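The values are calculated or read from the model by the stated rules, or taken from the named source; none is laboratory data. Everything quoted here is computed from the prediction, not taken from an experiment. Cβ coordinates were reconstructed from backbone atoms using ideal geometry, including for glycine residues, and neighbour counts include every protein chain displayed. For the accessible areas, the whole protein counts, side chains as well, though only heavy atoms, and no ligand, DNA or RNA atoms are used. Shrake-Rupley method; radii C 1.70, N 1.55, O 1.52, S 1.80 Å.
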Amino acid sequence: GGSQTGAVYAGVNEKDINLSVAKKVEAILLGQGYNVVMTRTADTTVGLYDRADIANAVEADVFVSIHSNAAENNADFQGIYTYYHPTSARGARLAQAIQTPLCRLTGGIDRGIESADFVVLRETDMCAVLVEMGFMTNSGELQRLITPSYQDKLAAGIAEGITAYLNGT
């Protein structure tokens, strides 16, 4: 957010898609009685290490970082990934718990779960994942990503996965 726009395609900023979906996930989880702490709720810049610090300070049970992907050299590529830290078996379980309903509810291509050494996965003390909801570089997927009804499906899938993980199912 803020000065960090993320990917920008067809005049659409990644930060705007991500925040919109994150707020929808927040609303779903709050409605289910969960305590949700957002690292940002407006168009502000929050550094990667700061995001991890916020989650660690509140002793969160899980950390979910929401993103939109880009493949500059392949405009045809599309699909959903969820990443976890390579040393975290709990992260792998949370990643799969989110990936499965996210792909089912959206009809998005399931690119699977993968490990990565991203700052927000490495520096958080709790189980953490990073969700890539689709590729902005694919025009069809970008059109879906900016559609409120599709964002609702993305949020529902992420929230369903979080609650399944927290409930041990």
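If I go through the range 75-117 residue by residue, how many of them are of a type outside the set (A, V, I, L, M, F, W, C) and modelled with pLDDT under 95? Of the residues in the range 75-117, 1 are of a type outside the set (A, V, I, L, M, F, W, C) and modelled with pLDDT under 95. Check off (1) part of a strand (DSSP E or B); (2) free of Cβ contacts under 8 Å to residues at least 12 places away in the same chain for Thr82 and give me the number that stays unchecked. Single failed check for Thr82: (2).
A single entry from Asn13, Asn35 fulfils the requirement of being out of contact with any strand residue (DSSP E or B) (no Cβ under 7 Å at 6 or more places or on another chain), farther than 21 Å from Ile80 by Cα and among the polar types (S, T, N, Q): Asn35. Here Val119 meets the list (1) open to solvent by 20 Å² or more (accessible area, probe 1.4 Å); (2) hydrophobic (A, V, I, L, M, F, W, C); (3) more than 19 Å from Arg51 (Cα to Cα) almost entirely, failing just condition (3). Regarding Asp53, is this residue more than 21 Å from Gly107 (Cβ to Cβ) and either without any contact (Cβ under 8 Å) to a residue 24 or more places away in the chain or of a type outside the set (Ser, Thr, Tyr) (or both)? Yes: the conditions hold for Asp53. Applying the condition of being open to solvent by 80 Å² or more (accessible area, probe 1.4 Å) and assigned to a loop (DSSP other than H, G, I, E, B) to the range 6-40 and asking which residue is farthest from Leu102 (Cα to Cα) yields Ala10.
For (1) surrounded by 21 or more Cβ atoms within 10 Å (Cβ to Cβ); (2) free of Cβ contacts under 8 Å to residues at least 40 places away in the same chain; (3) assigned to a loop (DSSP other than H, G, I, E, B), each residue gets a yes or a no:
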residue: Asn73; (1), (2), (3): no, yes, yes
residue: Asp76; (1), (2), (3): no, no, yes
residue: Leu94; (1), (2), (3): yes, no, no
residue: Leu105; (1), (2), (3): no, no, no
residue: Asp125; (1), (2), (3): no, no, yes
residue: Met133; (1), (2), (3): yes, no, no
residue: Gly140; (1), (2), (3): no, no, no
residue: Arg144; (1), (2), (3): no, yes, no
residue: Ser149; (1), (2), (3): no, yes, no
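Residues in the range 41-66 that are assigned to a loop (DSSP other than H, G, I, E, B) and not charged (D, E, K, R): Thr41, Ala42, Thr44, Thr45, Val46, Gly47, Val58, Ala60.
Can you report the number of residues in the range 41-56 which are open to solvent by less than 50 Å² (accessible area, probe 1.4 Å) and within 20 Å of Arg122 (Cβ to Cβ)?
6
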